[in-house]
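Read the structure below first, then the notes.
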Amino acid sequence: MIKAEGLEKSFGKLKVLKGVDLAVAPAEVVSIVGASGAGKSTLLQILGTLSTPDRGSLEIDGADVLCLSGDRLSDFRGRKIGFVFQSHNLLSEFTALENVMIPAFIAGISRKKAQERAKALLEEMGLGARLDHKPSELSGGEQQRVAIARALVNRPAVVLADEPSGNLDSRTKQEIHQLFFDLREKHGQTFVIVTHDPALADLCDRKLEMKDGLFL
């Protein structure tokens, strides 16, 4: 599902990635761990096509994404990649249902189908009674579930998560961690998760450690 070879990335004179190779199988859940500054988030941004490497190659679901640009790249990202961040990044003026529907609208999905998908995902995550609640009316764990539903609404091949449980209490963390694996079993998505949480990292199919811009 993901094949990256020789990824390098520098910011000025600072070389953050030094030739990273990564292969992730379909429906695999992989965690990436390491100290701050190791290059984890930079790698995730490149995998998500939000940043371009200085050197190297990257294929996602069979597509050479480094050859895409402009609208073609945006369309690929919207259809194939879902993002979950530590901060939920929900739009405060919209309900849970509307927040989940927004990526579907951007992808050109009809309002009826977008609403059906969003409602089904939120119900699957135990939020069927919270569809019309705005983010300020939801707990942190509920907000993160909405964010995960938003990442899945376009049925992406790959979901990239950056510290997805970093702001949650221990009980809610466990629920969110299990949710990733439940979703994998039901929907078959591939997950790449950057985390400092050892419990989440150890649950994954594989745990990869980064240090100084390379995997150990």
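For region 162-196, how many residues are in a strand (DSSP E or B) and charged (D, E, K, R)? Even if it seems obvious, please write down each step before you answer.
Kept after step one, since they are in a strand (DSSP E or B), are these residues of region 162-196: 162, 190-194.
Retained after the next criterion (residues that are charged (D, E, K, R)): 162.
Of the residues in that region, 1 qualify.
What number goes with the only condition from (1) touching a Lys or Arg at 6+ places or on another chain (Cβ under 6 Å); (2) of a type in the set (A, V, I, L, M); (3) farther than 17 Å from ASP162 by Cβ; (4) crowded, with 17+ Cβ neighbours inside 10 Å that ILE32 does not pass?
(3)
For residues that are under 18 Å from ALA147 (Cβ atoms) and among the aliphatic types (A, V, I, L, M), scanning just region 103-118, find the one that is most open to solvent (accessible area, probe 1.4 Å).
ILE106
If we keep just the residues of region 13-23 that are more than 21 Å from ASP64 (Cβ to Cβ) and not in a loop (DSSP other than H, G, I, E, B), which is nearest to the chain's Cα centre (by Cα)?
Filtering region 13-23 for residues that are more than 21 Å from ASP64 (Cβ to Cβ) and not in a loop (DSSP other than H, G, I, E, B), the one nearest to the chain's Cα centre (by Cα) comes out as VAL16.
Quick one: would you say ALA199 is part of a helix (DSSP H, G or I), surrounded by 15 or more Cβ atoms within 10 Å (Cβ to Cβ), touching a residue at least 24 places away in the same chain (Cβ under 8 Å) and not β-branched (Val, Ile, Thr)? Lay out the reasoning, then the answer.
Numbers: part of a helix (DSSP H, G or I): yes; surrounded by 15 or more Cβ atoms within 10 Å (Cβ to Cβ): no; touching a residue at least 24 places away in the same chain (Cβ under 8 Å): yes; not β-branched (Val, Ile, Thr): yes.
Against the criterion (part of a helix (DSSP H, G or I), surrounded by 15 or more Cβ atoms within 10 Å (Cβ to Cβ), touching a residue at least 24 places away in the same chain (Cβ under 8 Å) and not β-branched (Val, Ile, Thr)), ALA199 does not qualify.
Looking at region 24-65, which of its residues are assigned to a helix (DSSP H, G or I) and touching a residue at least 12 places away in the same chain (Cβ under 8 Å)? Walk me through it before giving the result.
To start, the set of residues in region 24-65 that are assigned to a helix (DSSP H, G or I) comprises 40-47, 65.
Matches in region 24-65: LYS40, SER41, THR42, LEU43, LEU44, ILE46, LEU47, VAL65.
Where the second residue is in a helix (DSSP H, G or I) and hydroxyl-bearing (Ser, Thr, Tyr) and the first is under 10 Å from LEU90 (Cβ atoms) and modelled with pLDDT under 95 and lies in region 130-148, which pairs have Cβ atoms under 8 Å and are six or more apart or on separate chains?
Matching pairs, first to second residue: GLN144/THR172.
Condition test on VAL84, is it part of a helix (DSSP H, G or I), β-branched (Val, Ile, Thr) and surrounded by 20 or more Cβ atoms within 10 Å (Cβ to Cβ)? Give the derivation first.
Values: part of a helix (DSSP H, G or I): no; β-branched (Val, Ile, Thr): yes; surrounded by 20 or more Cβ atoms within 10 Å (Cβ to Cβ): yes.
Spelling it out, it is not the case that VAL84 is part of a helix (DSSP H, G or I), β-branched (Val, Ile, Thr) and surrounded by 20 or more Cβ atoms within 10 Å (Cβ to Cβ).
For the list (1) among the polar types (S, T, N, Q); (2) within 27 Å of VAL30 (Cα to Cα); (3) not in a loop (DSSP other than H, G, I, E, B), I need the number of the one condition that GLN115 fails.
(2) is the only condition that GLN115 fails.
The values are calculated or read from the model by the stated rules, or taken from the named source; none is laboratory data. Computed from a predicted model, the values in this text were never measured in an experiment. Reconstructed Cβ throughout: ideal geometry from the backbone, glycine too, with neighbour counts over all protein chains shown. Accessible surface areas use protein heavy atoms only, side chains included; no ligands, DNA or RNA. Shrake-Rupley method; radii C 1.70, N 1.55, O 1.52, S 1.80 Å.
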